[in-house]
Amino acid sequence: MIDIVQKITQFNAGRDPERLEMKLSKMRENAFIFLRATCHLFYERLAAGDVLNQAPATWICGDLHLENFGSFKGDNGLVYFDINDFDEAALAPCTWELIRFLTSVRVGASSLGVSPAQAAVLCQRFSDAYSQSLSDGKARWVERETTTGLVRDLLDSLKQRSRPQFLDSRTVLKGKSRTIRLDGKKALPINEAQRTKVTAFMADFAGHQDNPEFFRVHDVARRIAGTGSLGVDRYIILIEGKGAPDGNYLLDLKHARPSALAPYLPIAQPAWPSDAGRVVAVQRRMQAISMAFLRPVILEGASYVLRGLQLSEDRVALDGWNGKLRRLEDVMTVMGQAVAWAQLRSTGRNGSAITDELIEFGMQERWQPVLLELSAHCADQLEQDWRQYAKAFDQGAFKSLK
């Protein structure tokens with residue numbers, strides 16, 4: 001029996017107390033949020049899963065679930081829909097990525113008003129799309145012109161958004177200058193030591209760029225985003241960009257921690273210069289085109305991931321299925337394809353399987369029913385863990401972390 005309180009306490013030690021309290025409270029809400037916040041527990045449960053470890057080794061994002069796909073503008077200026085969170089990226093059997101996603105579908109079903117039987121259908125659709133795309137052996141990407149349903153709705157909606165509207169939602173405009181909106185939902189104040197640290201870093205960073213003025217800092221705040229990473233040192237930075245007030249840009253600067261999968265991986269990992277280097281390298285390998293400004297950086301001896309925040313970032317509105325299961329099935333197809341394409345893009349890199357091995361695996365039929373059944377067991381176990389956590393939370397077991 002895993003001691004839920006002890007494991008969560010150890011994993012979250014040293015995080016920003018204000019944002020950690022938000023994380024712990026969110027985890028109490030339902031099992032799906034709990035799954036998103038406890039990647040380390042999930043993989044500890046899988047450590048003895050020999051059936052999973054027999055699959056080809058691939059690069060994985062490490063924390064694949066329903067909400068780790070989204071839209072973003074690539075560094076070529078075009079909008080893409082792809083996997084978008086690589087904090088836990090690692091070299092692992094390809095089935096590790098699949099089992100976590102399938103479990104998230106089953107656990108998240110009730111929040112969407114989807115029955116267990118319907119969730120099983122969605123899992124099968126994802127598995128089929130992944131298998132077919134892997135066996136095709138060609139890495140493609142999601143395009144607005146050819147995709148349909150809820151993903152198409154998301155990509156179409158992005159055409160209506162403007163930079164001034166996006167900035168207005170994240171900043172406060174006074175005359176011709178902006179400051180970050182400290183709403184307690186997306187951003188919190190920082191102290192002077194933090195402001196000095198980040199501003200000095202950005203000044204040095206700008207000095208090595210072709211257009212230093214573009215990166216001139218206007219404001220800095222602590223960023224609130226995600227679930228599993230809440231409490232990790234993270235900032236939102238308002239910079240000059242193409243000119244104030246409506247040409248300003250926002251950046252995300254996030255401390256990179258070791259992958260939560262690290263203690264349980266059955267495959268030796270390559271040596272990386274830093275954890276930020278690992279995150280960025282794998283993201284660039286797996287995505288068709290990566291986000292603007294994405295790069296690993298060093299801040300006071302610690303590694304951070306720097307990237308742009310954009311008006312084109314969003315997730316699929318899954319609750320818009322409106323009782324029509326086909327709409328969710330279409331999303332599962334797109335997500336299954338995206339995962340297969342991402343793995344195919346990164347073949348043969350630092351120990352990952354070559355394309356031929358993934359094609360052969362995709363053509364096999366025996367692993368699908370095993371994985372689908374195992375995901376049901378994982379979902380049941382996760383529900384039990386969440387209930388244990390909720391009981392402990394209500395009894396005040398985590399007060400020392402807040």
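The values are calculated or read from the model by the stated rules, or taken from the named source; none is laboratory data. As the structure is a computational prediction, the values presented were derived from the model and not from experiment. Because the Cβ atoms are built from the backbone with ideal geometry, glycine has one as well, and the counts that use them run over all protein chains shown. For accessibility, only protein heavy atoms count, side chains too; no ligands or nucleic acids. Shrake-Rupley method; radii C 1.70, N 1.55, O 1.52, S 1.80 Å.
Assorted remarks:
- Of His377, His218, the residue with the largest accessible area leads and the full order is His377, His218 (1.4 Å probe).
- Relative to its residue count, segment 145-273 spans a Cα convex hull of 207 Å³ per residue.
- You can think of it this way: the chain between Leu78 and Asp314 has 83.5 nm of extra reach, that is 0.36 nm per residue less the Cα-Cα gap.
- Segment Ile354..Asn322, full-extension length gain: 7.4 nm, with 0.36 nm per residue of separation and the alpha-carbon distance subtracted.
- Exposed loop sites are taken as GluC sites (Glu not before Pro) in a DSSP loop (any state but H, G, I, E or B) with at most 16 other beta carbon atoms within 10 Å; the longest stretch of the chain without one runs 146-299.
- Proportion of all alpha-carbon pairs of the chain beyond 41 Å (%): 12
- Calculated [θ] (222 nm, deg cm²/dmol) that DSSP helices of n ≥ 4 give over the chain, each run adding -39,500 (n - 2.57): -14000 deg cm²/dmol
- Distance (nanometres) between label positions extended 7 Å along Cα→Cβ at Glu213 and Asn30: 4.9
- Considering segment 261-331 at the alpha-carbon level, its Rg and Dmax are found to be 17.6, 51 Å.
- Mean Cβ count within 10 Å, highest first, over the residues of peptides 344-356, 51-63: 51-63, 344-356
- Inter-label distance, nm, simple model (7 Å from Cα along the C-beta direction), Ser157/Asp136: 2.6
- Anisotropy class of segment 30-82 from Cα gyration tensor, a/c 1.5 cut: oblate
- Most fluctuating residue given options Asn12, Asn84, Asn322, as computed from a GNM of the chain linking Cα atoms under 10 Å: Asn322
- Modelled spin labels at Ile267 and Lys7, positioned 7 Å past Cα toward Cβ, are 2.3 nm from each other.
- With N counted as the residues of segment 56-202, its alpha-carbon radius of gyration over 2.2 N^0.38 Å works out to 1.36.
- For segment 1-110: rounded, prolate or oblate by the Cα gyration tensor [a/c cutoff 1.5]: oblate
- Net charge of Cβ neighbours under 12 Å - reference Arg140; Lys, Arg +1; Asp, Glu -1: -1
- Straight-distance crosslink candidates among lysines, where the alpha carbon sits under 26 Å from Lys254 and sequence neighbours closer than 8 are dropped: Lys7, Lys23, Lys26, Lys73, Lys185, Lys186, Lys197, Lys242, Lys399, Lys402
- Protection proxy ranking for 257-269, 127-139, using the average of other Cβ atoms within 10 Å per residue and placing the highest first: 127-139, 257-269.
- Of all accessible heavy-atom area on the chain, the percent that carbon and sulfur account for (1.4 Å): 49
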